[in-house]
Amino acid sequence: MMEKKRVFLTRTLHDFALKELRKKYQIEIHSGKIPISKTKLRTKIEKVEGLICFPYDKIDSDLIDIAKNLKVISTYSVGFDHIDTQYAKKKKIRVGYTPEILTDATADLAFSLMLDVLRRVSEGDRIVRNGKWRQIYGAYDYVGTDLQGKTLGIFGLGRIGGTLAKRAKSFDMKIVYHNRKPVSKNKEKASGAKYVTLDKLITQSDVISIHVPHTKETNQLFDMKIFKKMKKSAFLINTARGKIVNEKDLIIALNKKIIAGAALDVYESEPISEKHPLTKIQNVVLAPHIGSSTKETRVKMAEITVKNLNLGINGKKPIYSVGY
Ligand code: NAP
């Protein structure tokens, strides 16, 4: 009998996915501290044909060089900035990822973060829980900000940004966006968004929501220079990747009231501890990187991750494939 191909998972997946993988492959699952250390991953990746990984696993050229038998890297995410996809392509290793199926869930989270920070929901929750709600609020106490009539600037009108625009349209927001190139007229119509330069998006928006991938071009793009150009009353939402924002500058901008507030799902380094300076600022909502984290979406992501692996391990193009 032919020996089954080997697959390594840097953390566990749903039972149905593991069952399917076990039928076809010899699988090994990392069960210790997450993320797996680079040293341990180096020893595990050496002999396998397939790798299932997550956004916090850095799959660089060093690691790819060790993996002599590797045919496919299947990431449980739409972002693939943690993988050296160019190098994988050079080594004829397929890379599968999970776009589309997590678009609604992530757009919903971006929208809920926007509502939360503008209406100060989490901040209010802390007030109530900490016994600081001493009297019924009057006309000027604890006021938030309306969404209606405000301008939402979407940086990256792709799948998630476009879906957020549809949500915002039904809340009567004005929507502007910036991409490297404008989307089709049909997509503009569907999203109700108007193309503007990055400078206009920064200066005109009451809320800026980031939906671009993390690349060399977008790395640390949102820094003090941008925060100073934003309206003093504006809010920043980031559900894309933490490294797109210069976190030190953001902390200064929030503390010095250069901008009005922020709501974040992603950070320069994750997880952040309760001692992180962002946790000391009241006008910030902090989510623990849960953009795609709904029961339904996580099941679909597991299905696609396994399908991508099955195809790539046999030299075929994954359903959603980066590079080739
Ligand atoms: P997408 O469909 O590829 O959309 C990305 C958009 O960004 C495109 O419209 C693209 O348009 C634009 N863009 C790319 N580079 C740009 C640049 N340098 N300047 C301006 N615009 C640029 O991606 P998506 O599925 O919406 O996902 C977006 C990102 O969200 C992912 O890469 C991932 O990192 C993040 N994400 C996070 C979570 C979470 O758990 N928090 C969940 C899902 C996704 P052009 O090509 O025309 O520039």
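Just so it is clear, none of the values below were taken in a lab; they were calculated from the coordinates. As the structure is a computational prediction, the values presented were derived from the model and not from experiment. In this analysis, Cβ positions are derived from the backbone assuming ideal geometry, glycine residues included, and neighbour counts consider all displayed protein chains.
Over segment 103-286, the fraction of Cα-Cα pairs per 10 Å bin, rounded to whole percents and listed from the shortest bin up, is 9, 39, 36, 13, 3, 0. Please state the shape class of segment 78-126: rounded when a/c is under 1.5, otherwise prolate if a/b exceeds b/c and oblate if not, all from the C-alpha gyration tensor. Prolate shape, in that a/c is at least 1.5 and a/b is the bigger ratio. For segment 1-72, the square roots of the Cα gyration tensor eigenvalues, ordered a ≥ b ≥ c, give a/c of at least 1.5 with a/b no greater than b/c, which places it in the oblate category. Farthest toward the positive end of the dipole of the chain, out of ILE34, SER293, GLY315, is the Cα of GLY315, where the dipole comes from beta carbon charges about the Cα centre. Between segment 61-84 and segment 88-132, the C-alpha centres lie 24 angstrom from each other.
In plain terms, the residue of GLU28, GLU296, GLU247, GLU3 with the fewest other Cβ atoms within 10 Å comes first and the most crowded comes last, giving GLU3, GLU296, GLU28, GLU247. By other beta-carbon atoms within 10 Å, ranking LEU264, LEU51 with the fewest at the front produces LEU264, LEU51.
As a footprinting exposure proxy, order ILE29, ILE136 by other Cβ within 10 Å, with the fewest listed first. Kindly include the intermediate steps, with their values, before the conclusion.
Numbers: ILE29 14, ILE136 6.
Starting with the residue having the fewest Cβ neighbours, the order is ILE136, ILE29.
Which residue fluctuates the most in the chain, going by a Gaussian network model with Cα springs under 10 Å, if the choices are THR103, THR163, THR145? Largest GNM mean-square fluctuation: THR145.
With both bridge residues required to lie in the chain, what share of the DSSP beta bridges run antiparallel, to the nearest 5%?
Working: 2 of 42 bridges.
In the chain, DSSP labels about 5 percent of beta bridges as antiparallel.
Each part reduced to its alpha carbon centroid, segment 255-316 and segment 152-182 end up 20 Å apart.
In the structure shown, do any of LYS40/LYS91; LYS47/LYS89; LYS58/LYS229; LYS169/LYS307; LYS200/LYS257 have a Cα-Cα gap over 30 Å, and if so which? Walk me through the numbers on the way to the answer.
Working: LYS40/LYS91 22 Å; LYS47/LYS89 19 Å; LYS58/LYS229 34 Å; LYS169/LYS307 35 Å; LYS200/LYS257 21 Å.
Flagged as over cut-off: LYS58/LYS229; LYS169/LYS307.
When the P(r) is computed for segment 130-201, the part past 21 Å accounts for 38% of the Cα-Cα pairs. The GNM of the chain, with springs linking C-alpha atoms under 10 angstrom apart, assigns the highest mean-square fluctuation among SER74, SER122, SER292 to SER122.
When all alpha carbon pairs of segment 25-158 are counted in 5 Å bins from zero, the resulting P(r) reads 2, 8, 14, 14, 11, 8, 9, 9, 8, 7, 5, 3, 2, 0 %. Taken over the alpha carbons of the chain as equal point scatterers, the Debye sum produces base-10 log I(q)/I(0) values at 0.09, 0.14, 0.15 Å⁻¹ of -0.52, -1.10, -1.20. Across segment 155-160, rounded Karplus estimates of 3J(HN,Hα) from the backbone phi angles (6.51 cos²θ - 1.76 cosθ + 1.60, θ = phi - 60°) give 8, x, 8, x, 4, 6 Hz, Gly and Pro being marked x. For the options ALA263, ALA88, ALA190, a Gaussian network treatment of the chain with springs between C-alpha atoms closer than 10 Å singles out ALA190 as fluctuating the most.
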